[in-house]
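Take a look at the structure set out below.
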């Protein structure tokens, strides 16, 4: 897994790479979770399988305390057996044509993850492409929101974050993120 694109945002780095997020050795990886936090398909299932029982147990405690996680919100658990110390779970929106606050909710999911990482004083975080799998969000549109939110956060928010990495599963998704980044370079 090699970085295919990297930009410097005031001494902080945003990177794009093709790969498997479960193998990332960052402080935290982000899980594109479902609201029940019990694992599932895609990235969510892969993270739960690779991270083991400890992640599921913490997720169960969170759900018993707060109920289902709302779309656009985020919570943090241990990384279990993963190289990452933490998993930040967020629920992205299901695409329903774009008229049901999907862009606003997707932007919130990214911001909430970045706020949690900052609160935990993390330096490196890895994101997948949230909502673009089974939730059906068009990749090109999602990439623009993801890149915009990360750049804005790194530019405008005091944060210990030094590196934000988008770990993208396939070349089509990577290409969409590269294009979004090229149009957003500060």
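A short reminder: the numbers here are calculations on the coordinates, not readings from a lab. Computed from a predicted model, the values in this text were never measured in an experiment. Note: ideal-geometry Cβ built from the backbone for every residue, glycine included; neighbour counts use all protein chains shown.
With a 10 Å radius around each residue's Cβ, average the other Cβ atoms per peptide and rank 70-77, 145-152, highest first. Let's see the in-between values first.
On the way: 70-77: 19.9, 145-152: 21.6.
Sorting 70-77, 145-152 by mean packing, highest first, produces 145-152, 70-77.
How many angstrom lie between the Cα centre of segment 88-107 and the Cα centre of segment 23-58?
Segment 88-107 and segment 23-58 have Cα centres separated by 19 Å.
Running a GNM on the chain with Cα contacts under 10 Å, which residue among 157, 22, 173 ends up with the highest mean-square fluctuation?
Its mean-square fluctuation being the largest, the pick is 157.
Using alpha carbons only, how many angstrom separate the centre of segment 159-186 from the centre of segment 136-155?
Taking the Cα centre of each part, segment 159-186 and segment 136-155 sit 8 Å apart.
Would you mind calculating the gained length between residue 13 and residue 65 on full extension (0.36 nm times residue separation, minus the Cα-Cα distance), in nm to one decimal? Numbers along the way, then the final one.
On the way: separation 52, 0.36 × 52 = 18.72 nm, distance 3.54 nm.
That pair, residue 13 and residue 65, stretches by 15.2 nm at full extension.
So how compact is segment 3-182: Cα radius of gyration and Dmax in angstrom?
Using the Cα atoms of segment 3-182, the pair Rg, Dmax is 14.8, 43 Å.
State the volume of the convex hull built on the alpha-carbon positions of segment 78-121, expressed per residue in Å³ and rounded to an integer.
Dividing the Cα hull volume of segment 78-121 by its residue count gives 72 Å³.
With each pseudo-label sitting 7 Å past Cα toward Cβ, what's the residue 94-residue 121 distance in nm, one decimal?
It works out to 4.1 nm between the two label points.
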